[in-house]
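Taken together, the values in this text are just the output of simple stated rules run on the coordinates, not laboratory data. If you're wondering where the values come from, they're calculated on a predicted model, not measured in any experiment. Glycine also receives a Cβ, built like all others from the backbone with ideal geometry; neighbour counts cover every protein chain displayed.
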Amino acid sequence: MFPNISDIKKRRKKLGLTQTQLSLHSNVSQSMIAKLESGVIEPSYAIVCNIFEALHILESKNTLKAKNIMKKKTACVVSDSYVSKAIKLMKKKEISQIPVLENNIPVGSISEKTILEKIIENPEECKNLLVSEIMDVPFPTINEKTPIDMITAILRHNQAILVLKKNKISGIITKADLLSTI
């Protein structure tokens, strides 16, 4: 759906911009923006595109990104570790899920929920299990510039997201991290 011309003034004000400032970013004269906002003229398609493109760029600069909300120190466990080691690490770090790695590459995840399900099935066997035997699918990955609206959508269906920089884990975002931005 295309944006409405009447949205220009609302979006400009939301960004705290004057008409002159928007004109500098959009290469459209201030007087043209004033006439557009007051509904005096019908602009050309090119002018409207320039204004909305400038607004979009300015809005995306003000949006929280993954690098702003991620936890930089990511606790991880290797797939050939015992589940008991994962439990100790989760207790120590006070976390409920953890990425599983092989050669520094995410290959799975393990959570309190998964561990508890195994304990209920067979409490004694759980201590001797390897993480690789009970791990879940890996957490989805994003880059540090991913905007918060995309992060929110991903976390609706996942417990956590790994943030990558140059194909290496640079952080993790959980639902709790997202709540802390409110």
Please report the relative contact order for the chain, taking Cα pairs under 8 Å with a sequence separation of at least 6, and give it as a percent rounded to a whole number. 20
Rounded to 5, the percent of DSSP beta bridges in the chain classed as antiparallel: 75
Enumerate the aspartates and glutamates that residue 14 could reach by cross-link, defined here as Cα to Cα under 15 Å, with residues fewer than 8 away along the same chain left out. 37, 59
Computed, not fitted: 222 nm per-residue ellipticity of the chain from DSSP H runs ≥ 4 (each -39500 (n - 2.57)), nearest 500, equal to -13000 deg cm²/dmol
How much length is gained on full extension from residue 40 to residue 6, taking 0.36 nm per residue of separation minus their Cα-Cα distance? 11.1 nm
Please list, ordered by chain and number, the residues whose modelled amide H lies under 5 Å from the amide H of residue 165; skip anything fewer than 5 residues away on the same chain. 170
Could you sort out which of 9/72; 71/166; 85/175; 67/127; 61/166 sit more than 28 Å apart by Cα distance in this structure? 9/72; 67/127
Per-residue counts of other Cβ atoms within 10 Å, averaged by peptide: what ranking do you get for 116-122, 98-104, 29-35, highest first? 98-104, 29-35, 116-122
Can you work out the FRET efficiency for the pair residue 143 and residue 31, with r the C-beta to C-beta distance and R0 = 45 Å, to the nearest 0.05? 0.65
